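For reference, the structure discussed in these notes is given below.
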Amino acid sequence: MLSLTPTVPQVQGRWLREPQPEKAALTRNEALGDTDRVRCDYLGPWLIGLYVGKQRVWLWPDSAPQQSLREARKLFHRPGR
């Protein structure tokens with residue numbers, strides 16, 4: 001799961017990993033993953049195209065609850081563009 005945090009002037013993202021039973025001794029940082037800069041290069045009516053660090057990520061309508069996708073759109077929307 002991708003967690004997004006708005007910071008001025010950019011957005012930070014971090015992958016939230018579910019702990020594996022055999023690796024229950026993970027530290028908090030390992031369980032959360034590293035923080036990366038998140039850049040939106042496509043904000044369409046159905047898809048959201050993101051770069052999380054250097055990794056390409058596409059968010060589809062069925063990839064998250066509707067309210068979460070709406071919040072992501074608001075986060076990346078730039079009026080007048």
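The values are calculated or read from the model by the stated rules, or taken from the named source; none is laboratory data. Quick caveat: nothing in here was measured; it's all calculated off a predicted structure. Quick reminder, even Gly has a Cβ in these numbers, built from the backbone with ideal geometry, and neighbours come from all protein chains shown.
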Of everything in the range 42-57 that's over 14 Å from Gly13 (Cβ atoms) and not hydroxyl-bearing (Ser, Thr, Tyr), which residue is surrounded by the fewest Cβ atoms within 10 Å (Cβ to Cβ)? Pro45
Check Arg14, Arg70, Arg56, Arg37 and return the single one that is over 10 Å from the mean Cα position of the chain (by Cα), modelled with pLDDT of 85 or more and assigned to a strand (DSSP E or B). Arg56
Residues being under 20 Å from Asp36 (Cβ atoms) and not basic (Lys, Arg) - total across the range 49-68: 12
With the requirement that a residue be of a type in the set (Gly, Ala, Ser) and part of a loop (DSSP other than H, G, I, E, B), what does the range 43-53 give you? Gly44, Gly53
Enumerate the pairs (first residue in the range 64-81 and within 17 Å of Thr5 (Cβ to Cβ); second residue anywhere and modelled with pLDDT under 90 and of a type outside the set (D, E, K, R)) with beta-carbon separation below 6 Å, excluding pairs fewer than 6 apart on the same chain, so at least 6 apart or on different chains. Leu75/Pro6
